[in-house]
Amino acid sequence: MKLTVPDQVKTITLSDGTIATLRRPRGRDLVRAQAVAGTDNKFQFTCAMLAQVAQLAGEPCVMEDIMELWASDIDLLSKAAADDFLSSSAPSSPS
């Protein structure tokens, strides 16, 4: 089954002024990231996952490109991607 829902995209300005475009991750992105990272290292997985869904200055990137960013920018991109995971359309439980 192929989804026909268009990708949701966010634009984020990194600390050096580079514009990063981040699309909402899909399950296939996580599978590819796991294969690219090739290890249980969570940081490498995060960089590989971000490389699957990010463009830097309008260009596709690879895990090593993400690893060359400042740590604060990686954190910013990671949080933006995680926001999409956490903000699902599932009803929240009453408090």
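None of the figures in this text is laboratory data; all of them are computed from the coordinates on show. All figures in this text were calculated on a predicted structure; none of them were measured in a lab. FYI the Cβ positions are ideal-geometry reconstructions off the backbone, even for glycines, and counts take in every protein chain you see.
Numbers below:
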item	result
Selection from CYS47, GLN34, LEU69 lying farthest towards where the dipole of the stretch 9-82 points positive, charges on Cβ	GLN34
Burial ranking of peptide ranges 61-73, 43-55 (average Cβ count within 10 Å, highest at the top)	43-55, 61-73
Net length gained if the chain between VAL62 and ASP75 were fully extended (0.36 nm per residue, minus Cα distance)	3.0 nm
When the convex hull of its Cα atoms is projected in every direction, mean area for the stretch 9-82 (nm²)	4.3 nm²
Gain on full stretching of the segment that runs from ASP40 to ASP83 - 0.36 nm per residue minus C-alpha separation	13.2 nm
Under the Karplus curve 6.51 cos²θ - 1.76 cosθ + 1.60, θ = phi - 60°, whole-Hz ³J(HN,Hα) for the stretch 62-79, x wherever Gly or Pro sits	10, 3, 5, 5, 5, 5, 7, 5, 4, 4, 5, 6, 4, 4, 4, 5, 4, 5
